[in-house]
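Student: Would you mind keeping the following structure in view while I ask a few things?
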Amino acid sequence: MTFTKIEIERELNSTSPTIIWKLISTADGMARWLADSITQDGDKLTFMWGNPWDHNEKRVAKFTMKKKNEAVRFEWDDPDTEGTYVEIRMERSSITDDFILSVTDFATEEDTEWLRSIWDHNFQRLRQSSGI
């Protein structure tokens, strides 16, 4: 299967590296904007969307990189997505001093627009739940 790399950047309304780091590197922080719930066991992350008693989706990933106050990377535990990853990088804007989140993700050609809309929704959830 061939994947296309997708890169998305969004400026945040925050100058606090501590707050942003918690939102991208902990299960509790990521659950505020990436899934309905996320649990963590060591480097293993379990993402849940939907209701556990009804229609839902569950995916497992593993942190493959964590550089404090810089970036995280995780890979899905799915042989169909081998060679792909999700990376979330935090960088400070030299103009506004706010932070920018840069996301790298992968999708098949036909799913590229769908994945971009998912990330747009995730960033909306981040702003609503955290005010940043």
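The values are calculated or read from the model by the stated rules, or taken from the named source; none is laboratory data. Small disclaimer: the values here were computed from a predicted structure and weren't measured. Every residue, glycine among them, receives a Cβ derived from its backbone with ideal geometry; neighbour counts consider all protein chains shown. Heads up: the accessible areas ignore ligands, DNA and RNA and are worked out on the full protein's heavy atoms, side chains in. Shrake-Rupley method; radii C 1.70, N 1.55, O 1.52, S 1.80 Å.
Student: Given the C-alpha centroids of the range 101-132 and the range 7-44, what is the distance between them in whole angstrom?
Tutor: So the separation of the two Cα centres works out to 13 Å.
Student: Whats the longest run of the chain with zero GluC sites (Glu not before Pro) that are DSSP loop and have at most 15 other Cβ atoms within 10 Å? Walk me through the intermediate numbers first.
Tutor: Numbers: sites that count: 70, 82.
Maximal segment without exposed cleavage sites: 1-69.
Student: May I pose another question? By how many degrees, 0 to 90 and rounded to 10, does the Cα axis of helix 112-130 deviate from the longest principal axis of the chain?
Tutor: Relative to the chain, helix 112-130 is tipped by roughly 50 degrees.
Student: Spelling out what I want: for every residue of the range 66-81, take phi, set θ = phi - 60°, compute 6.51 cos²θ - 1.76 cosθ + 1.60 (Karplus), and round to whole Hz; glycine and proline get x.
Tutor: 9, 10, 3, 6, 9, 6, 10, 9, 9, 10, 6, 7, 8, x, 6, 10
Student: Let me confirm the definition first: pairs of Lys residues in the chain, 8 or more apart or on different chains, C-alpha distance under 21 Å. How many are there?
Tutor: 12
Student: Rolling a 1.4 Å sphere over the protein heavy atoms, what is the accessible area per residue of the chain, to the nearest Å²? The partial results should precede the final answer.
Tutor: Working: 7790 Å² over 132 residues.
I get 59 Å² per residue for this part.
Student: Okay, next question. Note the listed values [x] 1.04; [y] 1.15; [z] 0.99, then indicate which one is Cα Rg over 2.2 N^0.38 Å calculated from this particular structure.
Tutor: Identified label for the calculated read-out: [x].
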